[in-house]
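> After the structure tokens below, expect a handful of questions from me.
The values are calculated or read from the model by the stated rules, or taken from the named source; none is laboratory data. Everything quoted here is computed from the prediction, not taken from an experiment. Here Cβ is always computed from backbone atoms with ideal geometry, including for glycine, and neighbour counts include all displayed protein chains. Only protein heavy atoms, including side chains, enter the accessible area calculation; ligands, DNA and RNA are left aside. Shrake-Rupley method; radii C 1.70, N 1.55, O 1.52, S 1.80 Å.
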Amino acid sequence: MAKDGSTAAADGTTAGSGDIARSLELLWGAGERPSRGPKPGLTLDRIVTAAVAVADAEGLPAVSMRRLSTELGTGTMSLYRYVPGKAELLDLMLDRVLGEPLSAEPDRPAGADGTPGDWRVAIDAMAHTYLDNLRRHPWLLKINQARTVLGPSALRGLELALSALRSMGLRDPELIGVIITVNSFVEGLARTQGDAAEAVAQTGLSDEQFWDSQRPYLERAMLSGAYPMMAGMSEDTFSADFDHFEFGLQRLIAGFEALVQERTAERTADPAAEPATNRTPDPTAEPTPDLTADRT
């Protein structure tokens, strides 16, 4: 565990691993601001904004309570009056940047006439928006989000995504599967692009210089006859002009289209197979227990 309370894995990723209860209080506005100490100027919002700016410019390792105190012109101990440490701060930073697309995009998950919008367009927009967010905040790929502390932005993003995809007519676990599949695809491409940029920064070699240094060896390997498939590929096989992101995204959408058609055919043959998300609630059914209620 790092001195700031965050947990760094061997691969460089970071997980908050702080006080979950305190993070939730801060995310949902339930935390009380200390009554003592300097009142004007410093706010939790300013602290998170400064932390995101530092991470964007220099990466997560540069984010520390001492560095933020310098950026904000205040004492380090003053920051601890608002947030316990970097572990909880990471939770706030994550929810902040996840909420950026929500404020930039209009809240219109359905069509102009109130009917469900085209889920294909929704998936395309979801993927491009997430890619743009990862490019703006490359440090997001360094955070282990397997056990994210869910704040308002994360939940609202999920709510809007589910609303936009409901016209697919899939079961609830399948809808979540669509979101996970799209996000995983985007993260994979963004990580590859980020690693390439990081390699240039660390080595000082451009991609062209790196591959040119290997050219004599690769040419001999191709002429050896040991790699006939590779040797027979066209000259533009690895061209930078080919959009791998768009290619993969459209193939994903085509695959989802096949699943939607399959589910539609199943419902036509058996109307009882209609997904729970599209059924009219039964007024005589027992109410669903509130799983979020306090368990004492």
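> Would you list ASP124, ASP91 from the most to the least accessible area, probe 1.4 Å? Mind dumping the intermediate values first?
Numbers: ASP124 45, ASP91 25 Å².
Largest accessible area first, the residues go ASP124, ASP91.
> Where does the Debye-calculated log10 I(q)/I(0) of region 148-195 sit at q = 0.21, 0.24, 0.29 Å⁻¹, using only Cα point scatterers of equal weight, no solvent?
Log-scaled intensity ratios, in q order: -0.83, -0.94, -1.05.
> Give the calculated FRET efficiency between ALA272 and ASP172 to the nearest 0.05, with a Förster radius of 25 Å applied to their Cβ-Cβ distance. Before the final figure, lay out the partial values.
Working: r = 17 Å, r/R0 = 0.67.
The value I calculate is 0.90.
> Would you work out what percent of the accessible area of region 47-187, with all protein chains in place, is carbon or sulfur (probe 1.4 Å)? Walk me through the numbers on the way to the answer.
Working: 3580 of 6530 Å².
Carbon plus sulfur share of accessible area: 55 percent.
> Can I ask one more? Which value in nm describes the separation of the simple spin-label points at ALA231 and ASP212, placed 7 Å from the Cα toward the beta carbon?
2.6
> Where in region 158-194 does the amide nitrogen come within less than 16 Å of the point 7 Å from the Cα of ALA146, taken along Cα to Cβ?
Within reach of a label on ALA146, which here means backbone N under 16 Å from a point 7 Å along Cα→Cβ, region 158-194 contributes 184.
> Taking the convex hull of the alpha carbon atoms in region 163-244, what volume per residue do you get, in Å³? All intermediate terms of the calculation are to be shown ahead of the outcome.
Values: hull volume 14.2 nm³, N = 82.
Hull volume over Cα atoms, normalised by residue count, gives 173 Å³.
> What do you get for Rg/Rh over region 103-244 if you use C-alpha atoms and the Kirkwood form of Rh? Intermediate values should be presented prior to the final figure.
Details: Rg = 20.8 Å, Rh = 18.7 Å.
The Rg/Rh ratio comes out at 1.11.
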